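First the structure, in the form of structure tokens, and then the observations on it.
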Amino acid sequence: MERTYIKDIEPEKEITISGWIERIRNPKSMIFIVLRDITGVVQVTIDKSTQPEITEKLSNVIANSVITLRGVAHLSEYVKMGGIEFIPSDVTIDSVAEALPITKEASLDQRLNYRWIDLRDNAKNLIFRVNTTLEKGLRDYMIETGAIEIHTPKITVQSSEGGSEVFKLDYFGQPAYLTQSPQLYKQMAMASGFDKVFEIGDYFRAESSFTNRHATEFIGFDFEISHITSHHDIMDYLEGALRRALSDVKQKHEKELQEVYNVTIDIPECDFPRIPFDEALSIVEKEYGYKGSKEDFDPESEKYICQYVKEKYNSDFVYITEYPFEARAFYSMKCEDNPRLCKSFDLLWKGIEITSGAQREHRYDVLKAQIAEKGINPEVMNDYLEFFKYGCPTHGGVGLGIARMLAKLLNLPTIKEAVYIFRGPNRITP
Ligand code: ATP
């Protein structure tokens with residue numbers, strides 16, 4: 001059976017349409033239905049006196065039921081919805097809905113309990129249509145610039161980021177972990193001579209965070225590139241990818257994003273500003289009187305520095321560069337001129353961190369020393385260290401949280417709204 005999408009309806013042609021009943025009115029002599037599919041809405045009109053069979057079939061049907069209609073659309077100046085009215089000659093009831101357990105006004109928690117119903121409107125599926133374009137833009141950029149797409153294992157015997165925030169599992173009697181990032185295996189690809197790799201994958205963090213930007217399972221976009229001269233090469237590459245993905249989103253969804261979420265996508269004309277960590281701390285203190293931690297950039301400092309950069313450079317993006325080695329992972333390469341700092345960076349967007357990156361230490365002996373300096377048991381890192389023993393180019397890369405970026409892009413209050421199904425310390429269903 002040939003199905004026509006509502007957006008493609010042409011008048012005076014016999015067609016079949018399928019969709020959800022958004023509204024149904026059943027006054028004396030007529031039935032009026034607003035039918036929705038993924039592409040739009042159309043009014044369906046049934047004259048009870050001439051269509052007793054259809055009237056009978058629809059007698060128990062309420063909003064949210066799913067139906068398929070055969071019939072013809074006519075132009076009608078009385079109908080608001082696109083000036084088209086669909087007159088069915090036959091109806092199939094695909095699914096009769098019960099009254100919904102939640103309303104649009106329900107609490108976020110309730111809506112997440114019934115996520116499939118919560119997602120059932122255009123504003124919600126727009127989030128995932130934008131997500132699709134965003135990921136495609138990133139992927140296209142990577143492929144067009146010669147990167148190889150990889151899929152690293154999600155079950156590992158070592159924790160990639162160190163620390164205790166790992167989910168442990170029983171792997172046939174042997175302890176194993178769900179991977180926190182593709183870090184170690186991306187680096188392995190550099191040692192394999194892949195030159196540039198990327199991955200869009202699922203990662204797991206057993207952190208008991210109840211913030212608007214943390215999930216226990218999230219989708220990350222990662223890349224790693226070889227033969228770099230410094231972390232600035234990585235920032236350049238990321239900037240190219242983000243410009244490409246954002247302009248794709250802008251081109252495809254600009255009008256709808258404006259209408260539904262009242263957002264515009266601003267891609268800075270200038271290069272994304274790069275401010276060294278120490279300097280960023282001083283700016284925040286001098287300009288806003290806020291004294292952040294000397295070891296790391298806290299969320300409050302992130303907000304202030306973004307505000308500063310927006311005012312000074314009209315950019316929503318800012319790179320904070322050269323963090324103290326103490327605040328970063330053991331694999332970050334230290335700065336030659338100041339070993340307190342390392343060649344790492346975060347990318348902040350509209351007030352929050354969306355990406356972390358660094359040039360990695362690729363020299364076996366130095367890496368081994370850094371593992372010891374961080375107090376990590378070298379035994380645990382033996383397999384990883386092997387990657388650097390048999391020749392490995394200079395390299396580095398980034399990890400970007402897709403949901404964090406999407407939430408900012410759409411101005412959503414929390415990443416819970418930006419992921420298809422949220423996983424947090426208190427939520428493992430649906
Ligand atoms: P944060 O300091 O915000 O907890 P992080 O420094 O632990 O983040 P990284 O390990 O550097 O994050 O991960 C790179 C990116 O992955 C982050 O910038 C973020 O966009 C995303 N990310 C990390 N942890 C989470 C999480 N728990 N939920 C959602 N996204 C995350």
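Summary table below
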read-out: Selection status of residue 327, open to solvent by 10 Å² or more (accessible area, probe 1.4 Å) and free of Cβ contacts under 8 Å to residues at least 12 places away in the same chain; value: no
read-out: Among the residues listed as 389, 368, the single one being assigned to a helix (DSSP H, G or I) and farther than 27 Å from residue 221 by Cβ; value: 368
read-out: Cβ-Cβ under 6 Å pairs, at least 6 apart or on other chains, the range 307-324 side at negative phi and of a type in the set (S, T, N, Q), far side in a strand (DSSP E or B) and surrounded by 23 or more Cβ atoms within 10 Å (Cβ to Cβ); value: 321/345
read-out: Residues (part of a loop (DSSP other than H, G, I, E, B), open to solvent by 70 Å² or more (accessible area, probe 1.4 Å) and modelled with pLDDT of 95 or more) located in the range 1-28; value: 3, 5, 10, 12, 13
read-out: The range 208-223, residues that are modelled with pLDDT of 95 or more, among the charged types (D, E, K, R) and open to solvent by less than 50 Å² (accessible area, probe 1.4 Å); value: 222
read-out: Lone qualifier among 91, 96, 42 - being closer than 27 Å to residue 116 by Cα and in contact (Cβ under 8 Å) with a residue 40 or more places away in the chain; value: 42
read-out: Candidates 382, 411 - the one that is free of Cβ contacts under 8 Å to residues at least 40 places away in the same chain and polar (S, T, N, Q); value: 382
read-out: Selection from the range 190-216 of residues that are away from the ligand (no atom under 12 Å from the Cβ) and closer than 18 Å to residue 329 by Cβ; value: 190, 191, 199
read-out: Some residue of the range 63-71 being of a type in the set (Val, Ile, Thr), touching a residue at least 12 places away in the same chain (Cβ under 8 Å), open to solvent by 10 Å² or more (accessible area, probe 1.4 Å) and under 14 Å from residue 92 (Cβ atoms); value: yes
read-out: Test: residue 185 is of a type in the set (Phe, Trp, Tyr), in a helix (DSSP H, G or I), surrounded by 17 or more Cβ atoms within 10 Å (Cβ to Cβ) and within 16 Å of the ligand (Cβ to nearest atom); value: yes
read-out: The range 312-337: number of residues that are touching a strand residue (DSSP E or B) at 6+ places or on another chain (Cβ under 7 Å) and away from the ligand (no atom under 15 Å from the Cβ); value: 5
read-out: Single residue of the range 376-430 satisfying the filter (within 16 Å of the ligand (Cβ to nearest atom) and aromatic (Phe, Trp, Tyr)) that is surrounded by the most Cβ atoms within 10 Å (Cβ to Cβ); value: 422
read-out: Among residues of the range 354-375, those that are in contact (Cβ under 8 Å) with a residue 60 or more places away in the chain, open to solvent by less than 40 Å² (accessible area, probe 1.4 Å) and within 16 Å of the ligand (Cβ to nearest atom), counted; value: 5
read-out: Residue in the range 248-275 that is least open to solvent (accessible area, probe 1.4 Å), counting only those that are under 16 Å from residue 306 (Cβ atoms) and either aromatic (Phe, Trp, Tyr) or touching a residue at least 60 places away in the same chain (Cβ under 8 Å) (or both); value: 272
read-out: Helices (runs of 4 or more DSSP H) wholly inside the range 218-337 containing at least 1 residues that are more than 30 Å from residue 139 (Cβ to Cβ); value: 277-288, 299-313
read-out: Any chance residue 73 is in a loop (DSSP other than H, G, I, E, B) and within 29 Å of residue 119 (Cβ to Cβ); value: no
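Matching residues to (1) closer than 25 Å to residue 298 by Cα; (2) surrounded by fewer than 19 Cβ atoms within 10 Å (Cβ to Cβ); (3) free of Cβ contacts under 8 Å to residues at least 60 places away in the same chain:
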site: 173; (1), (2), (3): no, yes, yes
site: 199; (1), (2), (3): no, no, yes
site: 202; (1), (2), (3): no, yes, yes
site: 225; (1), (2), (3): no, no, no
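The values are calculated or read from the model by the stated rules, or taken from the named source; none is laboratory data. Given the structure is predicted, the values throughout are model-derived calculations rather than measurements. As a convention, Cβ positions derive from the backbone with ideal geometry for all residues, glycine included, and neighbour counts pool all protein chains shown. Side chains are part of the model used for accessible areas, which takes the heavy atoms of the whole protein and leaves out ligands, DNA and RNA. Shrake-Rupley method; radii C 1.70, N 1.55, O 1.52, S 1.80 Å.
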